[in-house]
Amino acid sequence: MAKYTDAKCRQCRREGCKLFLKGERCTSGKCAMDRRPVVPGQHGAARKKVSEYGLQLREKQKVRRAYGLLERQFSNYYEKAAKSKQATGLALLQMLELRLDNVIYRMGIGSSRAEARQIVNHGHITVNGRKVNIPSYQVKVGDVIAVKENKKDLDVFKSLKEIKIVMPKWLEFNNETLTGKILALPERDDIDLNIQEHLIVELYSR
């Protein structure tokens, strides 16, 4: 399957905001957005007038890169959101937030979505007691997410017991048992990325 292999920090610089693709590095002084907040490339620092289409495209790319999706995956999510009974933009963001890899990231089990995706891929996570190794798995309200019993002694999980995690209100997570639960659907104000979803809807409606 296609995979982005270039420097992740270039994606943040291209979108003009932090996408938190590299975990703790993004909050440190080493963050590329803090050191060089211009578009990559020879003419990145030059000011350019952006068209309406350009704004819409950049917004879509920003969201797609933040959640680590390929173009086809993202367009499939949009098609499903467009068929839902609620506002398309909100439905899209809710589906992205309810991906298992994102939930693992939100619970603090992974320092970035990429790390959380790797944890899921390696079979370290259970949903309602059953192992799930599909990062795109859509969790539901009431689902119980946990680290597998025979994996809790790994250093990456043992260190979680000493960390205080700020949790979105639609999630809960117990550091001692390494178990969490989906309490409700994420609401619009629960999504901390600076996203203008109406631009994405306008782009796909062209």
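Coordinate-derived values only; no laboratory data. Predicted, not measured: the structure shown is a model, and the values here were computed from it. Cβ sites come from the backbone with ideal geometry, for glycine too, and all protein chains shown count toward neighbours.
The calculated FRET efficiency for residue 70 paired with residue 176, based on their beta-carbon distance and R0 = 35 Å, is about 0.40. Near residue 177, once Lys and Arg are set to +1 and Asp and Glu to -1 for all other residues with Cβ below 12 Å from its Cβ, the sum equals 0.
A full extension of the chain between residue 152 and residue 57 corresponds to an added length of 30.0 nm, given 0.36 nm per residue minus the alpha carbon distance.
Applying the Kirkwood pairwise sum to the alpha-carbon positions of region 99-182 produces a hydrodynamic radius of 12.3 angstrom. In a fully extended conformation the segment linking residue 132 and residue 205 would gain 22.8 nm over its present Cα-Cα distance, using 0.36 nm per residue. Here region 99-182 is treated with +1 on each Lys and Arg Cβ and -1 on each Asp and Glu Cβ, and its dipole about the Cα centre works out to around 220 debye. Under 12 Å from the 7 Å Cα→Cβ point of residue 187, by amide nitrogen: which residues of region 63-81? The answer is none, because no backbone nitrogen lies closer than 12 Å to the label point.
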